[in-house]
Amino acid sequence: MIIKGRVHKFGADINTDDIIAAKYLVTTDASELGKHCMENIAPDFSQKVRHGDIIVAGKNFGCGSSREHAPRALKGCGISAVVAPSFAGIFFRNAINVGMPFLELEDVNKIADGDELEIDLSSGIIKNLSDGEIYKTEPFPQFLQEILKYNGLMNWIKARR
C-alpha cells in the first residue's frame with residue numbers, strides 16, 4: 001500500500017486534546033471532527049490540509065486521554081498517515097480501530113513542513129520526494145494493512161462474517 005502526500009510538521013508530545021478539543025467530543029462523525037482538527041495549536045490546520053496529506057511529528061504523538069476521536073478527526077480532515085519517533089500506546093490502538101496508518105521513524109528532523117512524502121507501508125520505505133532522502137522503518141504489518149483496506153477494525157470484522 002502506497003501513501004503519497006504533503007507534510008504537516010508538528011513537535012513532540014502532541015496530545016489528544018491538541019488533536020481534537022474535548023468540546024467537540026459530542027460527535028463521532030469524522031468529517032465534523034475533521035473541521036476542528038488541531039485547531040488549538042494550529043487554528044487554520046483543517047483548511048490547509050488536502051486529502052492524502054501526512055503528519056510528521058516528534059515523539060509521543062497521541063498522548064493524553066484515550067479517545068478514538070483523535071485519529072478519527074485526523075482522517076476526517078484528510079490526513080492519510082502519521083510518522084513520528086514514538087506514539088502513545090492508546091493512540092496505536094485507536095488509530096488501527098479507525099484505519100489510520102502510523103509509522104515510527106526515529107529521526108524526523110530532516111523532514112520539513114511542506115515536503116512531499118511517499119510511504120510504502122509494505123516495505124517501510126519513506127521517500128522524501130522534495131529532497132531525495134530515503135528513510136527505512138519497520139513495514140506496517142500485513143494484517144494491519146488488511147484492516148486499513150476495510151477502513152477500520154469494525155468494517156474488517158463485518159467483512160469476515
Problem set entry | Which numbered condition Ser86 fails, given (1) of a type in the set (Ser, Thr, Tyr); (2) touching a Leu at 6+ places or on another chain (Cβ under 9 Å); (3) closer than 25 Å to Gly124 by Cβ | (2)
Seminar exercise, completed: Of (1) touching a Lys or Arg at 6+ places or on another chain (Cβ under 6 Å); (2) touching a residue at least 40 places away in the same chain (Cβ under 8 Å), Ser46 fails just (2)
Exercise. Would a scan of the stretch 14-36 turn up a residue that is assigned to a loop (DSSP other than H, G, I, E, B), in contact with a strand residue (DSSP E or B) (Cβ under 7 Å, 6 or more places away or on another chain), closer than 26 Å to Gln145 by Cα and not basic (Lys, Arg)?
Worked result: yes
For this session: Can you confirm whether the stretch 113-136 contains a residue that is in contact with a helix residue (DSSP H, G or I) (Cβ under 6 Å, 6 or more places away or on another chain) and under 30 Å from Ala22 (Cα atoms)?
Result: no
Exercise. Looking at the stretch 24-43, which of its residues are farther than 16 Å from Gly76 by Cβ and free of Cβ contacts under 8 Å to residues at least 12 places away in the same chain?
Worked result: Pro43
For this session: Could you check Cys77 against (1) in contact with a strand residue (DSSP E or B) (Cβ under 6 Å, 6 or more places away or on another chain); (2) crowded, with 19+ Cβ neighbours inside 10 Å and say which number it fails?
Result: (1)
Seminar exercise, completed: Pairs returned, first residue in the stretch 62-80 that is touching a residue at least 24 places away in the same chain (Cβ under 8 Å), second residue that is buried (at least 24 other Cβ atoms within 10 Å of the Cβ) and of a type in the set (Ser, Thr, Tyr), beta-carbon separation under 9 angstrom, 6 or more apart or interchain, are Gly62/Thr16; Cys63/Thr16; Gly64/Thr16; Ser65/Thr16; Ser66/Thr16; Arg67/Thr16; His69/Thr16; Ala70/Thr16
Seminar exercise, completed: For the stretch 40-63, the count of residues that are buried (at least 18 other Cβ atoms within 10 Å of the Cβ) and either among the aromatic types (Phe, Trp, Tyr) or in contact with a helix residue (DSSP H, G or I) (Cβ under 8 Å, 6 or more places away or on another chain) (or both) equals 7
Problem set entry | Residues (modelled with pLDDT under 95 and in contact with a Pro (Cβ under 8 Å, 6 or more places away or on another chain)) located in the stretch 109-144 | Phe140, Leu144
For this session: Considering every residue within the stretch 87-109, establish whether at least one is in contact with a His (Cβ under 7 Å, 6 or more places away or on another chain) and either over 25 Å from Phe143 (Cβ atoms) or of a type in the set (A, V, I, L, M, F, W, C) (or both).
Result: no
For this session: May I ask you to list pairs of residues, at least six apart or on different chains, whose Cβ atoms are under 6 Å apart, with the first in the stretch 128-154 being over 18 Å from Val83 (Cα atoms) and the second being assigned to a loop (DSSP other than H, G, I, E, B) and modelled with pLDDT of 90 or more?
Result: Asn151/Gly99; Gly152/Gly99
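The values are calculated or read from the model by the stated rules, or taken from the named source; none is laboratory data. All values derive from a computational prediction rather than experimental measurement. Positions of Cβ are backbone-derived with ideal geometry, glycine not excepted, and every protein chain shown enters the neighbour counts.
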